[in-house]
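No value in this document is a laboratory result; all are computed from the given coordinates. Bear in mind the structure is a predicted one, so any value in this text is a computation, not a measurement. We place every Cβ from the backbone using ideal geometry, glycine too, and count neighbours over all the protein chains shown.
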Ligand code: FAD
């Protein structure tokens, strides 16, 4: 048995960042991970592998559809899907190796096995071979993440009725795929396969895709994915049942008119969200409370009902995003060390890595209307930007929402080339409570995609975009 200042359970982006920050602050830290591989969902079956496949499939799609217009003549490209999946695995392996190095560098003790609270000051780690060891802690951090969830009537069989995890390692490029859920993960993976030639149909319960983001973004993304990739969307459809028919699947749903409709596809990918994961943690036994959705309940300082035990990331409320988990990990480490950090949840950006990319920070137009807040809106289309025309990425726009009286930026919503990166500028501006005019007066390099933000800010300030 060893004693630690902090034991972090779960090595995803929440847990490992928390452990590193604890170690930087001089705390004796241990990290417990049930799998052999560190990095959690993000590194192994989430952010990193999905982006690796998005990049590969985008290269293929560009070679197929866009090279000729650039004057590049090649033989019709072919897909070596095995190599694509192998490269993705190499990216994961390199990233996980990097993480192992960081643990060593920061002198964090790593235990592989299921972490389970023995008492409110000790955790038992049970290894795959059944042996276990128990370690004491002054503070613990629960960072056990989430798992894919499903709907009544849908049993995931991991063969033809699959989740994002299986979709990242399919044995073949499917001929057809139905995706249940028009949220971020479904649309990213749908883009991967549509680019590789799969006929993709998206069935969504709400009347819009990416429904939690500003409405205008979903509308534009749906239009572009249909135009560029041939993805078909079936909105306002309630899925009732999915069955595996051996060599294909059948999805039964109820449409807007109350009629029963069905879809057949080689694979059905279920992307209806994720649920907090706490199996084996034994949290209830030491008095840690969970809400109805199974998430660990925390106060504004991320403390559970047992005050010296904290919880962060997907296992608690808030957006299920790696960077949100990381920020919470940092905050908790600093609080344990006696500091007073602050995290502004309004400024956690949301990104969809389709092409065009989608990115958002702050309030949506719908939220401002609901709050009855008086605001003004400025918008600039990428097609009016020289940089976008040069790269043939003219779909999309940037929208800036600012307070009608003070001009303070309240929300920025973008769809277009590289907006996943541009959103950082909007988040930074909002962190410093910039006005739209502040952004518009910053010199932006020309020609860059970032000029669209400056132009949208000019439009929001007093309708004086320069290139529109
Ligand atoms: P996780 O990453 O889920 O890690 C939890 C870890 O805890 C796991 O390794 C698990 O094995 C371990 N664990 C659980 N219970 C125990 C136990 N009792 N003992 C020991 N270990 C335990 N987010 C983004 O921000 N950007 C993206 O581009 C993005 N893309 C995504 C794509 C896909 C396909 C998916 C599925 C998710 C994506 N996400 C993305 C979401 C992101 O992966 C999660 O928000 C993030 O991983 C949450 O981090 P976490 O540390 O809370 O938990």
Ranked output for segments 140-146, 357-363, 64-70 by mean other Cβ atoms within 10 Å, highest leading, reads 140-146, 357-363, 64-70
The simple spin-label model distance between residue 264 and residue 70, using points 7 Å out along Cα→Cβ, in nm, is 4.0 nm
Descending packing, highest mean Cβ count within 10 Å first, for 380-392, 451-463 is 451-463, 380-392
Taking alpha-carbon centroids only, region 66-96 lies from region 133-162 a number of Å equal to 31 Å
For residue 128, placing the label point 7 angstrom along Cα-to-beta-carbon and taking region 13-35, residues whose amide nitrogen sits under 11 Å are 35
Given 199-210, 121-132, the highest-first ranking by average Cβ count within 10 Å works out to 199-210, 121-132
With 0.36 nm assigned to each residue of separation and the Cα-Cα distance removed, residue 346 to residue 292 gains 17.1 nm
Rounded to the nearest Å, the spacing of the alpha-carbon centers of region 1-53 and region 390-437 is 32 Å
Heads up, region 6-75 by the C-alpha gyration tensor (a ≥ b ≥ c square roots of eigenvalues; a/c under 1.5 rounded, else a/b over b/c prolate, else oblate) looks prolate
Full extension between residue 448 and residue 232 adds, at 0.36 nm per residue less the Cα distance, a length in nm of 74.5 nm
